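Shown next, in structure tokens, is the structure this report addresses.
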Amino acid sequence: MKICIFGSGAIGGYLGVRLHQAGADVSLVARGAHLTAMRENGVKLIVGEEETVVRPRCTDNAAELGPQDYVIIGLKAHSVPSVVDAIQPLLGKDTAVVTAVNGIPYWYFYKNGGEFEGRVLDTVDPGGIQWNGLGPERAIGCVVYPATEVVEPGVIQHIYGDKFSLGEPDGSQSDRVKKLSAAMEAGGLRAPVLDRIRDEIWLKLWGNLCFNPISALTHATLDVICSDPETRAVAKAMMLEAKEIGDRLGVHFRVDVERRINGAGAVGAHKTSMLQDLERGRPMEIDALLSVVQEMGRMVGVATPTIDVVLALVRQRGEIAGAYTRPQRASSEAAPAVAAQ
């Protein structure tokens, strides 16, 4: 089984180590000092007191690798459109593309049925770059739960979690998704195959869409956001707006709003990824977590007044910090995609 992880930072590197340990033919695409260290010293994974070093193939040029069975995209969502061309040499006739990214993926309206079938989401896939360049028919959904960190080039620290939920857009139990699940579980990960992967995407997004921007604006940790009555109320209002959108799209939320907020608060004094990116001057993942929810709200006719205000504020905060650039919209309204075979 040939697997390329395109974007082998904290999560991608963690996955690479585990899949390599399971016997897969793993290649990692990375860049900079992290790539240099992995080439020279291997990839070190630290889990508790245990350290593991593996030596998969590492490169910054996917053209060296040839077609793969699976390409796992481990980049931040806003980075994916710019690397679609670079991914092309990895795509064979039957290559699956696994979207291990936060937020709503480019393939969301592929084989989901309903009036929006085949719709491109302009905020996450402007101009249908991913839809047309990667193909929705290749996509396998992946919801990432572990927390990991690159503590120094070539060294990945596991913080918590080992679950990567997988699912086909059409909900089928295909051979390709079952084989990937088996490979991940052989590497010590939990990789359940779900028949409603969009429900899982929304469950994670539900918290990310409010806690991330609120933390970037206030610099508060999760426990503070969830325990302060005022910021908790803002988060709840955003989540209720998002739930109405999800409900109209046929999403099933298996927990209620209060339980979801309490679960986030129980994580403790944790800085969200968006706050960490802001503090470190890295691009902020605003569009896949928040702009797209606003876009979907307009599609289904749901007003999003609280989301609109928070989105306007966090966009400006990101722009002033040099950590966010508004996407170039292909049109004022998302265009239909080219039909996939």
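The values are calculated or read from the model by the stated rules, or taken from the named source; none is laboratory data. The structure displayed is predicted, hence computed values, not measured ones. Here the Cβ positions follow ideal geometry from the backbone for every residue, glycine too, while neighbour counts run over all protein chains shown. For the accessible areas, the whole protein counts, side chains as well, though only heavy atoms, and no ligand, DNA or RNA atoms are used. Shrake-Rupley method; radii C 1.70, N 1.55, O 1.52, S 1.80 Å.
What are the pairs with Cβ atoms under 9 angstrom where one residue, in segment 243-264, is under 14 Å from Phe116 (Cβ atoms) and the other, located anywhere, is surrounded by fewer than 14 Cβ atoms within 10 Å (Cβ to Cβ)? Sequence gap at least six, or different chains.
Note: pairs meeting the criteria are Gly246/His252; Arg248/Gly301; Leu249/Gly114; Gly250/Gly113; Gly250/Gly114.
Condition check ((1) among the hydroxyl-bearing types (Ser, Thr, Tyr); (2) part of a helix (DSSP H, G or I)) across all residues:
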position	(1), (2)
Gly12	no, yes
Val26	no, no
Arg39	no, yes
Ile46	no, no
Ala63	no, yes
Tyr70	yes, no
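I'm trying to understand the selection: among the residues of segment 90-130, which are of a type outside the set (Val, Ile, Thr) and closer than 12 Å to Val80 by Cβ?
Ala100, Asn102, Gly103, Pro105, Tyr106, Trp107, Asp125, Pro126, Gln130
Take segment 144-167 and flag every residue that is touching an Asp or Glu at 6+ places or on another chain (Cβ under 8 Å) and open to solvent by less than 10 Å² (accessible area, probe 1.4 Å).
Gly154, Ile156, Ser165, Gly167
On the basis of being of a type in the set (Phe, Trp, Tyr) and assigned to a helix (DSSP H, G or I), does Trp107 make the cut?
no
Out of the residues in segment 173-199 that are open to solvent by less than 40 Å² (accessible area, probe 1.4 Å) and part of a loop (DSSP other than H, G, I, E, B), state the one that is farthest from Ala24 (Cα to Cα).
Ser174
Evaluate the following for Arg329: is it modelled with pLDDT of 95 or more, of a type in the set (Lys, Arg) and either in a helix (DSSP H, G or I) or within 23 Å of the chain's Cα centre (by Cα) (or both)?
no
Where the second residue is part of a helix (DSSP H, G or I) and the first is over 18 Å from Val292 (Cβ atoms) and lies in segment 309-328, which pairs have Cβ atoms under 7 Å and are six or more apart or on separate chains?
Arg317/Ala216; Arg317/Leu217; Ala321/Leu278; Ala323/Asp277; Ala323/Leu278
Taking segment 309-320 only, how many residues are loosely packed, with under 15 Cβ neighbours inside 10 Å and within 23 Å of the chain's Cα centre (by Cα)?
Qualifying residue count, segment 309-320: 4.
A quick yes/no check of all residues on (1) over 21 Å from the mean Cα position of the chain (by Cα); (2) without any contact (Cβ under 8 Å) to a residue 24 or more places away in the chain:
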| position | (1), (2) |
| --- | --- |
| Cys226 | yes, no |
| Arg232 | yes, no |
| Ala269 | yes, no |
| Gln276 | no, yes |
| Ala288 | no, no |
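Within the group Ala77, Ala37, Ala63, which residue is touching a residue at least 12 places away in the same chain (Cβ under 8 Å) and more than 27 Å from His158 (Cα to Cα)?
It is Ala63.
Being outside any loop (DSSP other than H, G, I, E, B) and open to solvent by less than 20 Å² (accessible area, probe 1.4 Å) narrows it down to one of Leu240, Leu290, so name that one.
Just one listed residue meets the conditions, Leu290.
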